[in-house]
Amino acid sequence: MVRGKRVLVDVDPLRVDRFRRLWAAGIVTALGAQLTAVVVPLQIYDFSGSSAYVGLAGLVGLAPMAVAALWGGVLADLRDRRRVLLVTTIGIAVTSSLLWAQAWANLRSVGVLLVLVGVQQALFGANTAVNRAVTPRLVPPELLPAANALQSTVVLSAGIAGPLLAGALLPVVGSRTLYLADAVTICATVWAVWRLPALPPVATGGRRQAASLRHIADGVRLVTRRQVLLVVYLSDFAALSLGLPTALFPQLAAETFHASDIGVLYAAVSAGGVLAGLFSGAFARVRRHGVAVAVSVTVWGLAVAGFGLAHSLVSAVAWLLAAGGALLALGVFRKTVLQSAVPDEMRGRLQGIDTVVAAGGPRLGDLLHGTVGAGLGVTWTVTGGGVLTVAAALLLLLLSPGFRRHRAPLGV
């Protein structure tokens, strides 16, 4: 079959055994991770009786995750990526086991939970940076967009199924069993990583180098000197900070829709991404990846603006589905640019920076939307954020000729 004619999801990367094993294991692990993501805030609220502590958990995890992502990116460039990925994956499994242990011991300590969340998020940040740098070493360049689409679809699917499964199982089996299930499911990824071949650094010929802050600075300098990389980061940050109104979903559910509709609002964005993933084979036809990033951000902003004006649940969900599809496309093209437009010896550091941007944008967005929404109201804040996102995307595209001209390298 001619790749350029494909429309439905491109499964050719699954023909590569090592990628297929890692992807399949990721399905199980992502589902288990969602169980913990639901149980932790519920436990914190149960122990403290305060939503402030629930919000603190997100803040506590941000700084360790950001630092570890940057450092993990350096290690991915200087060490065997398989070994770093294996260590961080095992570390996440151990942390999940400790979460199970505190629930089994009935410690009822918010402090213990916050410490474990911080450690887990640090390991997750490093693991994510390394994992994304591994993908280009597992599949040929022309399969990178399809591989990224498959991985993104798994994450979004788990974001829908995991919370539903946790909500159904929690009253039946309790938090301890869900923590244990998370720890067990991570073993699938441990096995898949164990089966990977050695992935030593290319530029150093496999020689061991000491990681330092200088290596992080080298990654930052590369971003500031390469217009296409800088604009990709800025575009993604604009989309996630200006146009991600999830902090206002509770208020929208209470004032515009019904309180019981909040779960539908949260799931709609992920569902839109999954639907787009089913037709992601068309991404292989796109050659101008810089323009594709800008178009994705623009569509995302327009859909969010439309969502802000919606007065019925049906129209709101329709706009969020469109937004989710645009977000998946943004993720696919962003990752592909960052994986293909830099030399292999810098991919880890670039993925570390990307992990920080991808995590920091939504958190800043929550702060902005929550603060502005309290003063201007939900409609003005959500729609205004969408309009600002579109303006930012078009301005970056207009001011960045290198970004407009960027095309996929030969073979991608």
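The values are calculated or read from the model by the stated rules, or taken from the named source; none is laboratory data. None of the values given here were measured: they were computed from a predicted structure. Positions of Cβ are backbone-derived with ideal geometry, glycine not excepted, and every protein chain shown enters the neighbour counts.
Observations
- Hey, VAL130 more than 26 Å from ALA329 (Cβ to Cβ) and assigned to a helix (DSSP H, G or I) or not: no
- Taking segment 69-92 as the range and being free of Cβ contacts under 8 Å to residues at least 60 places away in the same chain, of a type in the set (A, V, I, L, M, F, W, C) and farther than 15 Å from ARG137 by Cα as the test, only VAL87 passes.
- When segment 94-111 is filtered for residues that are modelled with pLDDT of 95 or more and of a type in the set (Val, Ile, Thr), the ones remaining, listed by number, are VAL94, THR95.
- Filter result for LEU394 (in contact with a helix residue (DSSP H, G or I) (Cβ under 6 Å, 6 or more places away or on another chain), of a type outside the set (S, T, N, Q), on the phi < 0 side of the Ramachandran plot and surrounded by fewer than 17 Cβ atoms within 10 Å (Cβ to Cβ)): no
- A Cβ distance below 6 Å, combined with a sequence gap of six or more or placement on separate chains, defines the contacts here; from segment 337-355, residues that are within 22 Å of PHE124 (Cβ to Cβ) reach residues that are assigned to a helix (DSSP H, G or I) and among the basic types (Lys, Arg) in the pairs GLN351/ARG132.
- Matching residues in segment 204-257 - criterion: being closer than 30 Å to ARG81 by Cα and at pLDDT below 85: THR204, GLY205, GLY206, ARG207, ARG208, GLN209, ALA210, ALA211, SER212, LEU213
- For LEU86, the criteria (1) more than 29 Å from ALA217 (Cα to Cα); (2) over 18 Å from the mean Cα position of the chain (by Cα); (3) of a type outside the set (Lys, Arg); (4) surrounded by fewer than 22 Cβ atoms within 10 Å (Cβ to Cβ) hold in every case but one, which is (1).
- The number of residues in segment 360-412 being of a type outside the set (Phe, Trp, Tyr), farther than 25 Å from GLY308 by Cβ and part of a helix (DSSP H, G or I) comes to 5.
- Residue in segment 157-164 that is among the aliphatic types (A, V, I, L, M), surrounded by fewer than 18 Cβ atoms within 10 Å (Cβ to Cβ) and under 20 Å from the mean Cα position of the chain (by Cα) present: yes
- Screening HIS311 against (1) farther than 30 Å from ARG226 by Cα; (2) touching a helix residue (DSSP H, G or I) at 6+ places or on another chain (Cβ under 7 Å) leaves a single unmet condition, (2).
- Among the residues of segment 5-17, the ones that are under 22 Å from the mean Cα position of the chain (by Cα) and either surrounded by fewer than 17 Cβ atoms within 10 Å (Cβ to Cβ) or assigned to a loop (DSSP other than H, G, I, E, B) (or both) come to 3 in all.
- Restricting ARG137, ARG132, ARG79 to those that are surrounded by fewer than 20 Cβ atoms within 10 Å (Cβ to Cβ), out of contact with any strand residue (DSSP E or B) (no Cβ under 8 Å at 6 or more places or on another chain) and either of a type outside the set (Phe, Trp, Tyr) or modelled with pLDDT under 95 (or both) reduces the list to ARG137.
- Scanning segment 256-266 for residues that are surrounded by fewer than 21 Cβ atoms within 10 Å (Cβ to Cβ) and not charged (D, E, K, R) gives THR256, PHE257, HIS258, ALA259, SER260, ILE262, GLY263, VAL264, TYR266.
- Unmet requirement for THR246, which otherwise passes all of (1) within 20 Å of GLY377 (Cβ to Cβ); (2) over 20 Å from the mean Cα position of the chain (by Cα); (3) surrounded by fewer than 23 Cβ atoms within 10 Å (Cβ to Cβ): (2)
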